[in-house]
Amino acid sequence: MKFANNAAPHWRGAESVPVLMRQVLYALVPALIGLVWFFGSGIILNILVAAVVALGCEALVLRIRKRPVGLFISDYSALVTAVLLAMSLPPLTPWWVTATGTVFAIVFAKHLYGGLGHNVFNPAMAGYAVLLVSFPEDMAAWPLPRGVAPDQQALSLLTVLQYWATGAMPIDVSVDAFTAATPLNSVKGQLGMMRTMQEIVGGPLFGNIAGRGWEWINTATALGGGWLLYRRIIRWQIPTAMLIGLLVPALVLYIVDPATHPSPAFHLLSGGTMLGVFFIATDPVSAAASNRGRLIYGLGIGIITYVVRNWGAYPDGIAFAVLLMNLAVPLIDRYTRPRIYGHGT
Amino acid sequence: MSNGRTSNQALPLPAWGVRLESRKIAAETGPINKMPPPGELIVALKQNVGVPAEPIVQPGDRVLKGQPIATAPRWGLGVAVHAPTSGTVTALEERPIPGAGGGTGESVVIEPDSKEERYAGYVAQPNPLGLSPPQIRNDITEAGIVGLGGALFPTATKLNPGSGIQALILNGVECEPYISADNALLIERSDQVLLGAAVMLRALDCDECLVAVKADMAEARAAVQEAIDALGDDRISMVVVPAFYPAGGERQLIELITGKEVQAGGLPWDVGVVCQNVGTVAAVAKFFGAGEPLISRIVTVTGNGVGAPANVEVMIGTPIGDLVEFAGGYTDAAAGLVMGGPMMGFSLPHDQLPVTKATNCILVADQAELDPSVREMPCIRCGECARACPATLMPQQLLALARGPDYAALESQGLQDCIECGCCDYVCPSYIPLTSRFIEAKQGLWENHLVAQRSERALHRYEARGKRLERRERDRSNELQRQVDEIGAAGEIDAEALRQLKQRVKSKKPGDNT
């Protein structure tokens, strides 16, 4: 009798990369529901555009690179990138803006570096950063969240579609009537006008803690993130460290001067905090390798995010924080390698 | 280590390793079966990494059960082998042996008779504990006993650490799935194991013995506890290790029990510990208690590809095909044949290979039991491999370095410290065969060292040659000078001869080899 010749180990116990990626997509569902509820269905259009463009680019580049298209197209990694990017964009983003960001994320940030597993920068955040500097107005055009004003009219799907396709509202509708600064943006702007936090948070845009809608969206996002932690698809080091890096400076400055600094709770639940903490900073490819390294990496992202929010030119800083810490990864890895068993104590 | 501790509480889980399904099918099916001698025994002369034993029998010789048929030199970590039963030596030839990468090894082929006639040269020791440590070691060497847990290191050598041994750890952990040979041994013959332990304690001049068993081996734990209570030797106690892989690795077990790390390049006795597999200890007891050298061992024959999974006490040299036949034969589902467990065992191409002292398990697997063919994806740096690595390496980084390969970096990042346990493969979501890559890289590193050594030697030779030539030249010109001086001093001035000589001296430069 002849038998197959395989190398040890003969057992495999892990869920495959596509399965892991799919779990990440599932975990984004609560956040998506929150976004749609408060800001309308435009976000779905973003996701569709990004997904189609991402898969198209992925297939095209894989073909050019002569890699197995079927194997990699079905690993869900391009889809995760697309969905994360799309969920970071305002729902009223014209399709070509979304497409541009996605092309940059997949072709430049991912494949020009060698494809899955080789990208130095987080692809979604690289795409987002490009859009932020290229289309600053579109990127700031968040609609009013549901329930801000009692007589608020929702944008009809037709209007959204028209804006999505042409970048312009129908003649009789003003885009300004439907958009407003996000709480983060508004805090930044109004603090600049010498108003105090107490005055700012009294406005209708602010909910209980961190802005109407945003506080709930962040909570929903954290729910999905918690599930990823529970499933051990992500580990606690990066989320915890990032939260510490963001919240400790926020707490200190809040204690020192609450009139000009938003509370840590505001930072915790506003903008893209939770998406960053659980879904973006935790991308393993572009993160530090060791547990200790990941603590430093996450801490860095948290601190830089706070610095940008507090002193920078942009309302939120997660994308830049992630990209900067991506750059620091080789250095972190070099100095945080764990001691090897049997070498010193 | 507290003296006399006996606790059913398992030690805490380690930070490394993986939890594996145990699948100890054979252990559930009952007692150890004794297999009668097969039609032919193929006793390999090279049983472990050491130098092969020298045969002392010829084809045509009649041999008796337990009679030495090949002896090992004292150096070189080899091991003596004995006739597993009485019969006739039919050949002394190269035969396929397991673990040689499909290669062969010189073997003594014996056709057993059915008499099982015993060799009279070895007898039971009435009082083995009265023997001196050197005598015990000598006898263990004579009996051909090596570590049966897998490493096959000569047991006597391991029992000669000098002074300062605080504990003897008996490794009954058997953390690989499927394998239950040690489990069965502890259930049925704990008393034998404890007798061997007493002999070893005497050889080590040590006062503490810990029998390590796994948390999920309830029956074995009860049996060990019962034997300890019955013996009433308060030097011996039991320690329960979590059901975790690879908790049974020697260094891992020592770390779990004592919290101490054996340094790279060091040995367990550096931290005051000697570790012995329970099967080895039982083999020692068998030699002192019954005068039987290591001629048989317990092998787990298991998997969905075999009719009646069982633990079988089988003679060394039994063809694996016969062994499987004894355990109910192949089922229609049989697809893979592995010697050892699913984590570290190696595939056997066919079953016409003999059982050796290393054979702890024959796994006959169906298609679904072993590695479904999975497609390798690129590493996504998830870090699960580093989390699982008992040597606290970073397999993901080693993998990238092995691609180069960057041997200097591989070495500084601990490639040599990889114990090839397979945990990194097991947890890898990209299904990368990390362990295979590391084994390859180790081979490459080794060859690289050889090349480096060779070129260093060549450089030495070159430099030595230069110096030699220089010296020879210096001697020659000194000699010429001496002759010139002599002629000058003698006063018989032959102007022409002197001129010629001086010219010769002048024209020679150091290092000039003409």
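None of the figures in this text is laboratory data; all of them are computed from the coordinates on show. Being a predicted model, the structure only gives us computed values, none of them experimental. Cβ sites come from the backbone with ideal geometry, for glycine too, and all protein chains shown count toward neighbours.
Within the protein assembly as shown, antiparallel bridges make up roughly 60 percent of the DSSP beta bridges whose residues both belong there.
Region B:344-364 and region B:370-403 have Cα centres spaced 27 Å apart.
Ordering B:THR392, B:CYS418, B:ALA458 by the projection of their Cα atoms onto the charge dipole of region B:375-514, which places +1 on the Cβ of Lys and Arg and -1 on the Cβ of Asp and Glu, puts B:ALA458 at the extreme positive end. For region A:195-336, the residue among A:ASN310, A:VAL252, A:GLY293 whose Cα projects farthest onto the positive side of the dipole built from Cβ charges is A:GLY293. If a spin label sat at a point 7 angstrom from the Cα of B:VAL374 along the line to its beta carbon, the backbone N atoms of region A:1-44 nearer than 12 Å would be those of A:9-20.
Across peptide B:382-390, the mean count of Cβ atoms from other chains lying within 10 Å of each residue's own Cβ comes to 5.
Measuring between alpha carbons in the structure, the pairs from A:LYS2/B:LYS357; B:LYS158/B:LYS286; A:LYS2/B:LYS286 lying more than 27 angstrom apart are A:LYS2/B:LYS286.
Counted residue by residue at 0.36 nm each, then reduced by the alpha carbon distance between them, the extension gain from B:ALA230 to B:GLU447 reaches 72.7 nm.
If you take every residue apart from B:GLY78 with its C-beta less than 10 Å away from the C-beta of B:GLY78, what net charge results, scoring Lys and Arg +1 and Asp and Glu -1?
Details: positive: B:LYS46, B:ARG74; negative: B:GLU54.
Overall, the nearby charge balance is +1.
In whole Å, how far is the Cα centre of region B:404-423 from that of region B:439-477? About 27 Å separates the Cα centre of region B:404-423 from the one of region B:439-477.
Each part reduced to its alpha carbon centroid, region B:302-323 and region B:50-108 end up 21 Å apart. Excluding same-chain neighbours fewer than eight residues apart, the lysines reachable from B:LYS214 by a Cα-Cα span under 19 Å are B:LYS24.
Mind ranking B:461-471, A:219-229 by how tightly packed they are, going by the mean number of other C-beta atoms within 10 angstrom, highest first? Kindly include the intermediate steps, with their values, before the conclusion.
Working: B:461-471: 11.1, A:219-229: 19.9.
Top to bottom by mean Cβ count within 10 Å: A:219-229, B:461-471.
The residues B:CYS379, B:CYS428, when put in order of fewest to most other Cβ atoms within 10 Å, stand as B:CYS379, B:CYS428.
Can you put B:HIS460, A:HIS111, A:HIS118, A:HIS343 in order, fewest other beta carbons within 10 Å first? Don't skip to the end; give the middle numbers.
Numbers: B:HIS460 10, A:HIS111 24, A:HIS118 17, A:HIS343 14.
Ascending number of Cβ neighbours within 10 Å: B:HIS460, A:HIS343, A:HIS118, A:HIS111.
Model label sites at B:ALA15 and A:VAL120, defined 7 Å from Cα along the beta-carbon direction, differ in position by 3.1 nm. Which net charge results for the neighbourhood of B:GLN413, defined as the other residues with beta-carbon distances under 14 angstrom from its beta-carbon, given Lys and Arg at +1 and Asp and Glu at -1? Within the 14 Å Cβ shell, the charges total +2. Averaged over the residues of peptide B:346-355, the number of Cβ atoms from other protein chains lying within 10 Å of each residue's Cβ is 3. Straight-line reach from B:LYS442: taking Cα to Cα under 24 Å and skipping same-chain neighbours fewer than 8 places apart, the lysines in range are B:LYS46.
Each of B:HIS449, A:HIS261, B:HIS82 was scored by other Cβ atoms within 10 Å of its Cβ. Listed from fewest to most, they are B:HIS449, A:HIS261, B:HIS82. The alpha-carbon of A:LYS188 sits under 12 angstrom from the alpha-carbons of these aspartates and glutamates, leaving out residues fewer than 8 places away in its chain: A:ASP316. Of the trypsin sites (Lys or Arg not before Pro) in region B:10-88, the ones in a loop by DSSP (not H, G, I, E or B) with at most 14 other beta carbons within 10 Å are B:ARG19, B:ARG74.
Each of B:SER132, A:ILE234, B:ASN448 was scored by the projection of its Cα onto the charge dipole of the protein assembly as shown, and the greatest displacement toward the positive side belongs to B:ASN448; charges sit on the C-beta of Lys, Arg, Asp and Glu.
Counting only other chain Cβ atoms within 10 Å of each residue's Cβ, the peptide B:15-26 averages 1.
What does the charge dipole of region B:46-150 about its Cα centre add up to, to the nearest 20 debye, if the Cβ of each Lys and Arg holds +1 and the Cβ of each Asp and Glu holds -1? Mind dumping the intermediate values first?
Working: 8 positive and 11 negative charges, 58 e Å.
Using only the charged Cβ atoms, the result is roughly 280 debye.
Largest mean-square fluctuation among A:ALA14, A:ALA250, A:ALA281, in a Gaussian network model of chain A whose springs join Cα atoms under 10 Å apart, belongs to A:ALA14.
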